[in-house]
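**Student:** Below is the structure I would like to discuss, written out as structure tokens.
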């Protein structure tokens, strides 16, 4: 199923870059750099997801978000905010206004595509499809297949579930306890050391051929799928 995305960004170069990556990922992208036009386009396009810059021409992105959440026809559209404002108070304001997620510039376009997919799976799962991806890793959930750089990767069931969880939350650090909850569902026979074993197995499978390691170990915190690691 083709997904439609409304991109509200007045930086032409950035908008070109973001649109390129989302179109390559199979999205139909409609663009504007103006807040008032964005409110009109939402009704015309009926997008499945909105990428909304905070600082845009006309009505600000935060006000566009607020108005969309007040309208019954647009209240449930997933909204990802893009902004250079990285202060905690700004992030809180964005979430309180109704944003589903928040990305601070500069960002990785490929990570942005993955995070938008994660938001759609959480907010509107019927639209998300059966594909997950990050960097050069691709996962087909329905066929239970994984590829990296186009090459098939053989994973056991546990490593598959573990990678799926990472792909659904790229860049987020998970403690061993959180991974146990998400992947093993509190199995009493599993302890935190088991997580380390399966992460090691997952790394070995993904990193054949001297590929860069995308699973970052965060000391005293846990693990993260992170291309910057």
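The values are calculated or read from the model by the stated rules, or taken from the named source; none is laboratory data. Remember, predicted model here, so these are calculated numbers, not experimental data. Here the Cβ positions follow ideal geometry from the backbone for every residue, glycine too, while neighbour counts run over all protein chains shown.
**Student:** Which numbered condition in (1) surrounded by 12 or more Cβ atoms within 10 Å (Cβ to Cβ); (2) at pLDDT 85 or above; (3) over 30 Å from residue 48 (Cα atoms) is the only one that residue 229 fails?
**Tutor:** (2)
**Student:** Does residue 196 fit the bill of being outside the structural domain of residue 22 (by TED's automatic domain parsing) and at pLDDT below 90?
**Tutor:** Spelling it out, it is not the case that residue 196 is outside the structural domain of residue 22 (by TED's automatic domain parsing) and at pLDDT below 90.
**Student:** Filter the stretch 137-155 down to the residues that are without any contact (Cβ under 8 Å) to a residue 60 or more places away in the chain and within 15 Å of the chain's Cα centre (by Cα) and list them by number.
**Tutor:** If the condition is that a residue be without any contact (Cβ under 8 Å) to a residue 60 or more places away in the chain and within 15 Å of the chain's Cα centre (by Cα), then 138, 139 are the ones that fit.
**Student:** Quickly run through the stretch 1-56 and pick out the residues that are over 18 Å from the mean Cα position of the chain (by Cα) and assigned to a strand (DSSP E or B).
**Tutor:** Within the stretch 1-56, 30, 31, 32, 34 meet the criteria.
**Student:** If residue 187 passes every condition in (1) in contact with a helix residue (DSSP H, G or I) (Cβ under 9 Å, 6 or more places away or on another chain); (2) at pLDDT 85 or above but one, which one does it miss?
**Tutor:** Here residue 187 clears every test but (2).
**Student:** Can I ask one more? Against the conditions (1) modelled with pLDDT of 90 or more; (2) crowded, with 16+ Cβ neighbours inside 10 Å; (3) more than 21 Å from residue 95 (Cα to Cα), where does residue 25 fall short? Just the number, please.
**Tutor:** (1)
**Student:** State whether one or more residues within the stretch 101-112 are surrounded by 20 or more Cβ atoms within 10 Å (Cβ to Cβ), at pLDDT 80 or above and part of a loop (DSSP other than H, G, I, E, B).
**Tutor:** Scanning the stretch 101-112, I find no residue that is surrounded by 20 or more Cβ atoms within 10 Å (Cβ to Cβ), at pLDDT 80 or above and part of a loop (DSSP other than H, G, I, E, B), so the answer is no.
**Student:** Against the condition more than 19 Å from the chain's Cα centre (by Cα) and closer than 24 Å to residue 114 by Cβ, how does residue 73 come out, does it pass? Steps first, please.
**Tutor:** Details: more than 19 Å from the chain's Cα centre (by Cα): yes; closer than 24 Å to residue 114 by Cβ: no.
Judged against the criteria, residue 73 is not a match.
**Student:** Restricting to the stretch 119-134, and then to whatever is surrounded by 19 or more Cβ atoms within 10 Å (Cβ to Cβ) and farther than 12 Å from residue 79 by Cα, can you tell me which residue is modelled with the lowest pLDDT? Before the answer, list the steps.
**Tutor:** Looking only at the stretch 119-134, we keep the residues that are surrounded by 19 or more Cβ atoms within 10 Å (Cβ to Cβ), and these are 120, 128, 132, 134.
Applying the additional criterion that residues be farther than 12 Å from residue 79 by Cα yields 128, 132, 134.
On the way: 128: 52, 132: 82, 134: 86.
Looking at the filtered set, the residue picked out is 128.
**Student:** A follow-up question, please. Are there any pairs with C-beta distances below 6 angstrom linking a residue in the stretch 41-65 that is surrounded by fewer than 21 Cβ atoms within 10 Å (Cβ to Cβ) to a residue that is at pLDDT 90 or above and part of a helix (DSSP H, G or I), with the two at least 6 apart or on different chains, and if so which?
**Tutor:** 58/35; 58/36; 59/35; 59/36
**Student:** Residue by residue through the stretch 138-180, note down the ones that are modelled with pLDDT under 85 and loosely packed, with under 14 Cβ neighbours inside 10 Å.
**Tutor:** Those that are modelled with pLDDT under 85 and loosely packed, with under 14 Cβ neighbours inside 10 Å: 142, 143, 144.
**Student:** To continue, here is another question. If I go through the stretch 75-98 residue by residue, how many of them are at pLDDT below 85 and surrounded by 15 or more Cβ atoms within 10 Å (Cβ to Cβ)? Write out each step before concluding.
**Tutor:** Here is the first cut: in the stretch 75-98, the residues at pLDDT below 85 are 75-76, 83-98.
Okay, now just the ones that are also surrounded by 15 or more Cβ atoms within 10 Å (Cβ to Cβ), so 83, 85, 90-91, 93-94, 97-98.
Residues that pass the stated criteria total 8.
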